[in-house]
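Every number here is computed from the coordinates shown, using simple stated rules; none is lab data. Please read all numbers here as calculations on a predicted model, not as lab measurements. Cβ placement follows ideal geometry from the backbone for every residue including glycine, while neighbour counts extend to all protein chains displayed.
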Amino acid sequence: MTDLTLLETERLVLSGWRPDQIDDLYRLHGDPTVARYLTEHGRPWTKEEMDSALAHWIELFERQQMGKLRVTRKSDGALVGRCGFGVCGPDDTPEIGYSLYPEFWGNGYVFEAASALRDWYWRATDRAHFIGIADVRNQNSLKVLRKLGGVYTHTGDNDHGHYCEWYRYDRPVAA
C-alpha cells in the first residue's frame, strides 16, 4: 500500500483515508455535537452519506491529493478529526473545511492543520483561489477562517440550511 501521508506539521499528520477507516467517520459525523453546523437541521450524517463522502474523498486524494484528510496526532497516533478541501458550487471551487472530535477542541489543531493545507495548496496547485465557509453561530470556526487570512465576501445560505459567512483566499502575489 502506498503512503497516504500528504502533510506533517509539528503535532499532526494529514493523510488520505482508506475504506476500512469508515468507522472513524461514523463516529465523527455521527456525533450530533459535530454535525450541528455541518448538515441541514444539524442532524448527524447518515451512514449512506458518510459512505458516499468517504468514497469521494478517497477518489479526490487518489486523483489530485485533495479531499478531506484524516488528521492524527503525532504524539500518540490518535485520530483528532478531518481537514481538507472539498468542492463547492457549479464550478467546483475548492473549499477548505474541517471537523474534529469534541474532545480535541480548543487545542489549536484546526488552525495548525488548515494553515498547513493552505500553504500546501499554494505550493502544489496552480489554482488562483479557494474559499472557506462557516455557520455564523460557529464562532470558533469563523476565528480559524479569519486567522487563515481569508477575505470576507458575504453572509448567506450554504445550500445545507445554514446561514454562513463566506471567505475567499487568493493566491499570494509573488514578491
Between Asn138, Asn158, Asn107, which gets the highest mean-square fluctuation from a Gaussian network model of the chain, Cα cutoff 10 Å? Asn107
Among Ser75, Ser15, rank each residue by its count of other Cβ atoms within 10 Å, from fewest to most, as a rough exposure measure. Ser75, Ser15
Report the semi-axes of the equivalent ellipsoid for the chain in whole Å, largest first, where each axis is √(5λ) for an eigenvalue λ of the Cα gyration tensor. 22, 20, 16
Once you charge only the Cβ atoms, +1 for Lys and Arg and -1 for Asp and Glu, what is the size of the charge dipole of the chain about its Cα centre, to the nearest 20 debye? 560 debye
Would you look at the GNM of the chain, springs on alpha carbons closer than 10 Å, and say which of His154, His162, His29 moves the most? His154
In whole Å, largest first, the alpha carbons of region 72-175 cover along the principal axes 38, 37, 23
At 222 nm, what helix-only mean residue ellipticity would the chain give, in deg cm²/dmol to the nearest 500, using -39500 (n - 2.57) for each DSSP H run of four or more? -9500 deg cm²/dmol
